[in-house]
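All remarks here apply to the structure that follows.
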Amino acid sequence: MRYLTAPRVHDGTRFVTGNKILSFDEEGIFRGFAGIDEVDADLVETFEGLLMPGLVNAHCHTELSHTKNTIPENTGLVPFLGLVVETRSAGEAEKSAAIHEALSSLAHSGCIALGDIANSTDSLPLRPNANMHIHTFVETMGFIPEFAAQRLDYSLKVYQSFKDQAQPANGYVLRQSVAPHAPYSVSGKLFELINSLEKNSLLTIHNEESAAENEYFISKTGLMQDLYQRLKINDEWFRPTGRNSLPGYLPYLSATHPLLLVHNTFMDQDDIEVLKKSGHEVSLCLCPNANWYIERRYPDVDLLADSGLNICLGTDSLASNHQLNVYEEVLTLKRNFPAIPEERLLAWASSGGAKALQLDHIVGSFRPGLKPGLVHIREEQSVRIL
Ligand SMILES: [Zn+2]
């Protein structure tokens, strides 16, 4: 057994008062909280600062790690997307090394579970040795309905490669599902095809990341419309709805799919009502540092925090973030949304993410029988120690 304590302990939901000695068995399984008089003082490892369960990064694109420091800040989303496409042409070895480094720093800084977007199999060989649970979301996109089946075929090949990968002997869980990229980049036809692939699969989507996305759905005008015209993408099939993007695309997705909506930078109360009535199990993933990087804008976090929906955190990729540690997202939220207690922010970074990735039976909380990992935080630095 291993016994550890610190002045502050967060159990994945709240700060712990009273007995604060954490006990883990040799396999890293949490066995419960012990009282001071129950454990020989010599056996207790004492840390300064805070101990909490492993962190969950619910939205990342490790396959874009080679783009670190290549894309300027504050471009706005539409120019940003163009820059990402242009910088994607790195060599295989360079990309693989960058993914390896990203996964290492994720694990070192506290991550125990990752929601990772993949457009290719670049991250596939690195998954088994990542020292964390990974749900790979194979992203599919295409706004021209005539090419929907072709686009999906390509994504299904990528998906099959991930699915065929054996579960690693280290006990971490590797999962995958096919997911739509964003409301503005997936045709109705493609949404329907994705929806019908698997009845209960976990879907994620970049949701309401820019004002341009909502403007396109409301009135089919603005920067998104300009982009389609420049790229000569025929969007005659698209009918504006007079509302934000979310109510426009949600009807394509059956309520049997749990949804992980990422960014939500321009989500409003109407969208929240739509989600609550939809029957979907919904998680909202916040990536404030990426939102700031791209658009100098944060979501209405106070509104989302009051929604009653599950909230989790992500970093997006190194194309739009300086690092991939969700604890840095906690710090950004703490500075900018002081009304939200730190206790809740830490819960979003652990149990919220575990729930969103359907891994809350393994990680996210100090509950006996779970194997939640252990993170030590001191002077705004996080390190994973189990
Ligand atoms: Zn993303």
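Identify, from the list 286, 304, the residue that is more than 13 Å from the ligand (Cβ to nearest atom), assigned by TED's automatic domain parsing to the domain that holds residue 71 and over 19 Å from residue 69 (Cα atoms). Quick ask: steps written out before the conclusion?
Details: 286 fails: more than 13 Å from the ligand (Cβ to nearest atom).
304 is the lone residue from the list that is more than 13 Å from the ligand (Cβ to nearest atom), assigned by TED's automatic domain parsing to the domain that holds residue 71 and over 19 Å from residue 69 (Cα atoms).
Of the residues 94, 45, which single one is more than 16 Å from the ligand (Cβ to nearest atom), assigned to a strand (DSSP E or B) and open to solvent by 30 Å² or more (accessible area, probe 1.4 Å)? Full working, then the answer.
Numbers: 94 fails: assigned to a strand (DSSP E or B).
From the options 94, 45, the qualifying one is 45.
Return the residues of region 53-91 that are open to solvent by less than 50 Å² (accessible area, probe 1.4 Å) and more than 14 Å from the ligand (Cβ to nearest atom); say none if nothing qualifies.
Taking region 53-91 and keeping what is open to solvent by less than 50 Å² (accessible area, probe 1.4 Å), we get 53-67, 71, 75-78, 80-82, 84, 87, 90-91.
Passing the criteria: 53, 54, 55, 56, 66, 75, 76, 78, 82, 87, 90, 91.
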| task | Please list, ordered by first then second residue, the pairs with beta carbon atoms under 9 Å, 6 or more apart or interchain, first in region 228-246 and at positive phi and assigned to a loop (DSSP other than H, G, I, E, B), second at pLDDT 95 or above and not hydrophobic (A, V, I, L, M, F, W, C). | result | 242/219
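So which residues in region 97-120 are over 19 Å from residue 375 (Cα atoms), more than 16 Å from the ligand (Cβ to nearest atom) and crowded, with 18+ Cβ neighbours inside 10 Å, if there are any at all?
Step one: list which residues in region 97-120 are over 19 Å from residue 375 (Cα atoms), which gives 97-101, 116-120.
Next, from what is left, pick out any that are more than 16 Å from the ligand (Cβ to nearest atom): 97-98, 100-101.
If the condition is that a residue be over 19 Å from residue 375 (Cα atoms), more than 16 Å from the ligand (Cβ to nearest atom) and crowded, with 18+ Cβ neighbours inside 10 Å, then 98 is the only one that fits.
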| task | Return the pairs, sorted by first residue and then second, in which the second residue is outside any strand (DSSP E or B) and within 16 Å of the ligand (Cβ to nearest atom), the first residue lies in region 254-265 and is more than 18 Å from residue 208 (Cα to Cα) and open to solvent by less than 10 Å² (accessible area, probe 1.4 Å), the beta carbons are less than 8 Å apart, and the residues are 6+ apart or on different chains. | result | 257/202
| query | Is it the case that residue 329 is of a type in the set (Asp, Glu), open to solvent by less than 10 Å² (accessible area, probe 1.4 Å) and within 16 Å of the ligand (Cβ to nearest atom)? | reply | yes
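The values are calculated or read from the model by the stated rules, or taken from the named source; none is laboratory data. Just so you know, these numbers come straight off a predicted model, no measurement behind them. Here Cβ is always computed from backbone atoms with ideal geometry, including for glycine, and neighbour counts include all displayed protein chains. Heavy atoms of the whole protein, side chains included, go into the accessibility calculation; ligands, DNA and RNA do not. Shrake-Rupley method; radii C 1.70, N 1.55, O 1.52, S 1.80 Å.
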